[in-house]
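Chemist: Below you'll find the structure I mean.
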Amino acid sequence: MNKSFLKFVTDFGPLAIFFYYYYNSDKDLSVAIPPLIVATLIALAVVWFLEKKIPMMPLLSGILITFFGGLTIYFDNPIFIYIKPTIINTLFGLALLCGKYFTKEPVLKKIIGKSIALTDMGWELLNRRWMYFFFGLAILNECIWRTQTEEFWVNFKVWGMLPITLAFTISQLSLINKHKINE
């Protein structure tokens, strides 16, 4: 099976299932979250079965979706699913901030250093920018869910955060090119 297609299906399949149930249940999170949790767990199982490992990001996301989705259903309170992106982005930001106290190099270099060769200054700058970006996304999520409708938040979570992340990633290309080490 094509690895890129598998990654796409396991990454976006649960999301598509969530949207299907959300919009076909009169926009009811309590109806859409259980299929999201099940689809996420199935996606993780498929990745494990085919790869014999689960990458850290999908695993962490799956754990948090199951945990916060479960809390949302159990307490019948959507606040738990609303704060999931805030918590994830805050944890990522803190990992990038505090990682330097546990390792001699930026955490981002440990994660993607085999893909990109940058100067030490390049890694420091890129690490810092991503740290601020994650904290900014956490704050933005808090502003959106606290001031907008549930439907707006659901749509923003996918159609807003994804393009913002893509635009931010693209905006880092000039820094990467400036600090790239030619091998």
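Where a number appears in this text, it was derived from the coordinates with a stated rule and is not lab data. Predicted, not measured: the structure shown is a model, and the values here were computed from it. Neighbour counts are summed over all protein chains in view; Cβ atoms, including those assigned to glycine, are modelled from backbone coordinates with ideal geometry.
Chemist: If you place +1 on the Cβ of every Lys and Arg and -1 on the Cβ of every Asp and Glu, how big does the dipole about the Cα centre of the range 1-125 come out, in debye to the nearest 20? Write out the running numbers ahead of the final one.
Modeler: Numbers: 11 positive and 8 negative charges, 106 e Å.
Here the size comes out at about 500 debye.
Chemist: For a quick check: with amide H placed at 1.01 Å from N, whose amide H comes under 5 Å from Leu118's, ignoring anything fewer than 5 positions away on the same chain?
Modeler: Ile181
Chemist: Counting only trypsin sites (Lys or Arg not before Pro) that are in a DSSP loop and have at most 16 other C-beta atoms within 10 Å, tell me the longest site-free stretch of the chain. Intermediate results must be reported in sequence, preceding the final value.
Modeler: On the way: sites that count: Lys27, Lys52, Lys53, Lys104, Lys114.
The longest uninterrupted stretch comes out as 115-183.
Chemist: Run the quick spin-label model on Met121 and Thr147: label points 7 Å from Cα toward the beta carbon, then report their separation in nm to one decimal.
Modeler: The answer from the label model is 3.8 nm.
Chemist: Oh, and also: Mind checking the angle between helix 120-147 and the chain's longest principal axis? C-alpha axes, 0 to 90 degrees, to the nearest 10.
Modeler: For 120-147 against the chain, the angle is about 20 degrees.
Chemist: Moving on. Restricting to Cα pairs below 8 Å that are 6+ residues apart, what does the relative contact order work out to for the range 4-158? Please round to a whole percent. Can you show the working numbers first?
Modeler: Details: 128 pairs, mean separation 26.9, N = 155.
Relative contact order, the range 4-158: 17 percent.
Chemist: Could you run the Karplus curve 6.51 cos²θ - 1.76 cosθ + 1.60 with θ = phi - 60° over the range 63-72 and give me ³J(HN,Hα) per residue in whole Hz, x for Gly and Pro?
Modeler: Result, rounded to whole Hz: 5, 5, 4, 5, 5, 6, x, x, 5, 4.
Chemist: Something else about it: Taking the 0 to 90 degree range and rounding to the nearest ten, how far is the long axis of helix 79-98 tilted relative to the main principal axis of the chain, both from C-alpha atoms?
Modeler: Taking the Cα atoms of the chain, the angle to 79-98 is about 10 degrees.
Chemist: Among the lysines, which have Cα under 18 Å from the Cα of Lys180 when same-chain residues fewer than 8 positions away are ignored?
Modeler: Excluding near neighbours in sequence, the set is Lys109, Lys110, Lys114.
Chemist: If one computes the Cα centroid of the range 153-177 and of the range 1-71, what distance in Å separates the two points?
Modeler: Taking the Cα centre of each part, the range 153-177 and the range 1-71 sit 21 Å apart.
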